[in-house]
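A short worksheet on the structure shown next.
The values are calculated or read from the model by the stated rules, or taken from the named source; none is laboratory data. Note that the structure is predicted; figures quoted are calculated from it, not measured. Don't worry about glycine lacking a Cβ; one is built from the backbone with ideal geometry, like all the others, and counts go over all protein chains shown.
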Amino acid sequence: MKQEKAVVVFSGGQDSTTCLFWAMENFSEVEAVTFDYGQRHALEVECAKDIAEELGVKHHILDMSLIGQLAPNALTDTGIEVADGEDGGLPSTFVPGRNLLFFSFAGILARQIGAKHIVTGVSETDFSGYPDCRDAFVKSLNVTLNLAMDGQFVIHTPLMWLDKSQVWELSDQLGKLDYVRTKTLTCYNGIQADGCGECPACRLRRKGLETYVGKKGGTVLPDGGSAEEVALP
């Protein structure tokens with residue numbers, strides 16, 4: 001893979017940024033694609049743009065605003081409250097068809113720029129119940145893309161079987177943990193780095209970081225650092 005080209009589906013969040021660094025380690029050439037689908041905070045797209053520019057990665061931003069027209073959800077409609085699913089239902093942040101469309105358009109882009117590899121940060125371990133983050137879906141779509149475009153694309157999911165603490169561990173192994181923690185935007189309320197601390201995305205991210213740092217014998221501090229003996233408030 002070292003001599004080949006990859007496209008990273010890139011949101012500027014923890015998972016996709018970790019995948020971007022993973023791809024930069026594993027492919028000779030990497031480009032990123034971000035989808036502007038009318039998400040709550042334009043800052044998410046700006047964050048992705050800033051990271052790609054800082055890392056010297058060619059960046060494509062595609063307009064996918066039609067998603068918000070077709071499938072109202074908490075990520076595109078500020079009138080819908082961000083909430084976990086009840087009684088086994090999907091959370092309000094689920095965007096029907098999002099990854100189906102994103103990966104399909106990433107495949108079309110990959111074909112145009114001569115890339116065989118598509119990298120995405122979906123995970124079946126910490127997937128919030130989203131059906132389009134499952135391994136079976138990704139493998140199925142991989143086959144469909146190859147049939148649809150008569151290609152030999154490979155969709156890579158380096159985080160598929162990792163929980164959030166293991167994602168932090170991977171970013172640390174890549175030497176990028178501090179970068180991922182301070183530069184990315186995961187928060188549903190549009191707050192960069194450690195976020196609001198209250199929304200489901202922030203709680204999951206924080207818990208994973210605390211678990212990983214705890215395994216190393218440290219403690220996560222509110223100011224972004226870690227220490228051996230200082231407890232969180």
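Checked against (1) modelled with pLDDT under 95; (2) touching a Lys or Arg at 6+ places or on another chain (Cβ under 8 Å), Ala52 passes all but a single condition, namely (1). Cβ-Cβ contacts under 9 Å between residues 6 or more apart (or on different chains), taken from a first residue in the range 133-156 that is outside any helix (DSSP H, G or I) to a second residue that is at pLDDT 95 or above and exposed (fewer than 14 other Cβ atoms within 10 Å of the Cβ), are listed as Ile155/Lys139.
Mind listing just one residue for me: the one in the range 55-89 that is assigned to a helix (DSSP H, G or I) and loosely packed, with under 15 Cβ neighbours inside 10 Å and, of those, modelled with the lowest pLDDT? Here the residue is Leu70.
Here's the yes/no breakdown for (1) out of contact with any Leu (no Cβ under 9 Å at 6 or more places or on another chain); (2) touching a residue at least 60 places away in the same chain (Cβ under 8 Å):
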position: Met1; (1), (2): yes, yes
position: Glu4; (1), (2): yes, yes
position: Val9; (1), (2): yes, yes
position: Cys19; (1), (2): no, yes
position: Phe35; (1), (2): no, yes
position: Gly38; (1), (2): no, no
position: Cys47; (1), (2): no, yes
position: Glu53; (1), (2): yes, no
position: Asp63; (1), (2): yes, no
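Screening the range 169-194 for residues that are outside any helix (DSSP H, G or I), within 15 Å of the chain's Cα centre (by Cα) and of a type in the set (Gly, Ala, Ser) and picking the one that is farthest from Gly217 (Cα to Cα) gives Gly190. Looking only at the range 201-218, which residues are surrounded by fewer than 16 Cβ atoms within 10 Å (Cβ to Cβ) and in contact with an Asp or Glu (Cβ under 7 Å, 6 or more places away or on another chain)? Residue satisfying the conditions is Gly217 alone. Scanning the range 1-47 for residues that are under 13 Å from the mean Cα position of the chain (by Cα) and in a strand (DSSP E or B) returns Val8, Val9, Ala32, Val33, Thr34, Phe35.
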